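Single-structure report; data block below.
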Amino acid sequence: MPKRILQGVVVSDKQAKTVVVRVERTFLHPLLRKTVRRSKKYHAHDESGVRKVGDKVLIQECAPKSKLKRWEVVSEQA
């Protein structure tokens, strides 16, 4: 089974080797037929530690690295 890859924006880089990434998704509301935006934050492992707030990144599922970290930064978007 392939690992999921999500795209998001770094919203926090205060922790060592960890970034918090906000991932937004859009979907059609089943009753109102209106496009709705929802976001969720993921803690991701960043080995290099060079990502800063506002950077667009790709994160991928991985084995648990700590209590909250189940994702790792794969690459940075242009």
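The values are calculated or read from the model by the stated rules, or taken from the named source; none is laboratory data. Fair warning: this is a prediction, and the values are worked out from it, not measured in the lab. Heads up, the Cβs are rebuilt from the backbone with ideal geometry, glycines too, and the neighbour counts pull from every protein chain shown. SASA here: full protein model, heavy atoms, side chains in, ligands and nucleic acids out. Shrake-Rupley method; radii C 1.70, N 1.55, O 1.52, S 1.80 Å.
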Return yes when Leu6 is exposed (fewer than 14 other Cβ atoms within 10 Å of the Cβ) and either out of contact with any helix residue (DSSP H, G or I) (no Cβ under 8 Å at 6 or more places or on another chain) or in contact (Cβ under 8 Å) with a residue 40 or more places away in the chain (or both) and no when it is not.
no
query: In this structure, is Glu24 out of contact with any Leu (no Cβ under 6 Å at 6 or more places or on another chain), in a strand (DSSP E or B) and among the charged types (D, E, K, R)?
result: yes
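In a loop (DSSP other than H, G, I, E, B) and touching a residue at least 12 places away in the same chain (Cβ under 8 Å): is that true of Lys52 in this structure?
Working: in a loop (DSSP other than H, G, I, E, B): yes; touching a residue at least 12 places away in the same chain (Cβ under 8 Å): yes.
Yes: the conditions hold for Lys52.
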Out of (1) in contact with a strand residue (DSSP E or B) (Cβ under 6 Å, 6 or more places away or on another chain); (2) closer than 18 Å to Lys67 by Cα, the one Glu47 does not meet is (1)
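Table: residues versus (1) touching a residue at least 60 places away in the same chain (Cβ under 8 Å); (2) under 11 Å from the mean Cα position of the chain (by Cα); (3) surrounded by 11 or more Cβ atoms within 10 Å (Cβ to Cβ).
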{"site": "Val21", "(1), (2), (3)": "no, yes, yes"}
{"site": "Glu24", "(1), (2), (3)": "no, yes, yes"}
{"site": "Arg33", "(1), (2), (3)": "no, no, no"}
{"site": "Arg37", "(1), (2), (3)": "no, no, no"}
{"site": "Lys40", "(1), (2), (3)": "no, yes, yes"}
{"site": "His43", "(1), (2), (3)": "no, yes, yes"}
{"site": "Glu47", "(1), (2), (3)": "no, no, no"}
{"site": "Gln60", "(1), (2), (3)": "no, yes, yes"}
{"site": "Lys65", "(1), (2), (3)": "no, no, yes"}
Residues of region 36-63 being under 12 Å from Gly8 (Cα atoms) and among the hydroxyl-bearing types (Ser, Thr, Tyr), in sequence order, are Ser39, Tyr42
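Could you please find all residues in region 67-78 being of a type in the set (A, V, I, L, M) and open to solvent by 50 Å² or more (accessible area, probe 1.4 Å)?
Residues of region 67-78 of a type in the set (A, V, I, L, M): 68, 73-74, 78.
Answer for region 67-78, where residues must be of a type in the set (A, V, I, L, M) and open to solvent by 50 Å² or more (accessible area, probe 1.4 Å): Leu68, Val74, Ala78.
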